[in-house]
Amino acid sequence: MALKKNPKVDLKLKYQRTLEIAMIISLALLIIAFKYFPKMNKENLRLEGPQELINVEDVEATKQESAPPPPPKPPIPIEAPTDDVLEDIEINDTELDVNEQITAPPPPQIEEEDDSEPVFFVAVEEMPQPIGGIAAIQKRIKYPEIARRAGVQGRVFIKAFVDENGNVFKVELIKGIGAGCDQEALKAVKATKFKPGKQRGKPVKVQVSIPILFKIK
């Protein structure tokens with residue numbers, strides 16, 4: 001159940017009447033003020049101060065002087081014709097002898113260069129053998145200091161191409177271990193003299209594989 005306010009203390013009942021009375025009083029005061037209030041005369045205020053004269057000077061417009069044109073190129077000297085008389089030139093007789101026999105020059109000799117590499121056998125009846133055996137090659141080996149410090153060991157396989165005279169034509173690396181051992185093995189095999197390989201009793205060119213052992217003692 002909603003509570004009812006006491007009409008003696010309810011401000012909303014007197015709100016409208018109070019507003020009307022206030023508006024009437026304010027309008028009356030406004031009418032009295034316009035009717036009986038004395039008029040205000042405006043006073044003209046003058047600000048007096050020293051006048052400063054400003055001199056205006058005419059500034060001449062600057063002119064941009066264009067660069068002078070480049071000097072003309074000097075004329076190219078042309079050699080004047082001389083009045084010297086040319087000497088008479090004797091011209092030999094140019095008549096051709098039809099009956100004269102002309103021999104053709106010999107053709108130039110062309111030297112044929114044989115760029116093809118010799119053929120080496122892979123397997124023959126008697127394979128090439130290093131003079132002194134593998135031990136002779138091992139004596140030529142100088143263990144690289146880098147490989148010794150790094151502890152590199154193992155076998156290096158070199159392919160040697162041996163000609164009919166037992167000389168090593170060239171060498172190739174088949175399998176290496178690095179650290180400078182491969183280059184040392186190639187150099188040792190290249191400097192080794194071989195007993196040439198033979199096929200049917202005749203020395204022939206043969207390729208052979210040589211193992212080189214690298215072991216730290």
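The values are calculated or read from the model by the stated rules, or taken from the named source; none is laboratory data. Keep in mind that what you see is a predicted model, and the values were worked out from it rather than measured. Positions of Cβ are backbone-derived with ideal geometry, glycine not excepted, and every protein chain shown enters the neighbour counts.
Looking at the stretch 148-158, can you tell me whether even one residue there is within 26 Å of K205 (Cβ to Cβ) and not aliphatic (A, V, I, L, M)? Among the residues of the stretch 148-158, at least one is within 26 Å of K205 (Cβ to Cβ) and not aliphatic (A, V, I, L, M), which makes the answer yes.
Filtering K215, K142 for residues that are in contact with an Asp or Glu (Cβ under 7 Å, 6 or more places away or on another chain) and either on the phi < 0 side of the Ramachandran plot or free of Cβ contacts under 8 Å to residues at least 24 places away in the same chain (or both) leaves a single hit, K142. P144 satisfies every condition listed in (1) more than 21 Å from E117 (Cα to Cα); (2) in contact with a Ser or Thr (Cβ under 7 Å, 6 or more places away or on another chain) except (2).
Return the residues of the stretch 176-212 that are part of a strand (DSSP E or B) and either of a type in the set (D, E) or under 13 Å from R140 (Cβ atoms) (or both); say none if nothing qualifies. Even if it seems obvious, please write down each step before you answer.
Let us first name the residues in the stretch 176-212 that are part of a strand (DSSP E or B), namely 194-195, 197-199, 202-204, 206-212.
Passing the criteria: I210, I212.
Here I137 clears all of (1) in contact (Cβ under 8 Å) with a residue 60 or more places away in the chain; (2) surrounded by 19 or more Cβ atoms within 10 Å (Cβ to Cβ); (3) not in a helix (DSSP H, G or I) except the condition numbered (3). Restricting A191, A160, A185 to those that are surrounded by 14 or more Cβ atoms within 10 Å (Cβ to Cβ) and in contact with a helix residue (DSSP H, G or I) (Cβ under 7 Å, 6 or more places away or on another chain) reduces the list to A160. Kindly check whether there is at least one residue in the stretch 52-59 that is at pLDDT 65 or above, exposed (fewer than 10 other Cβ atoms within 10 Å of the Cβ) and within 60 Å of the chain's Cα centre (by Cα). Yes, there is a match, as at least one residue in the stretch 52-59 is at pLDDT 65 or above, exposed (fewer than 10 other Cβ atoms within 10 Å of the Cβ) and within 60 Å of the chain's Cα centre (by Cα).
Taking N167 and the conditions (1) under 19 Å from I212 (Cα atoms); (2) at pLDDT below 85, which numbered condition does it fall short on, given that it satisfies the others? It is condition (2) that N167 fails.
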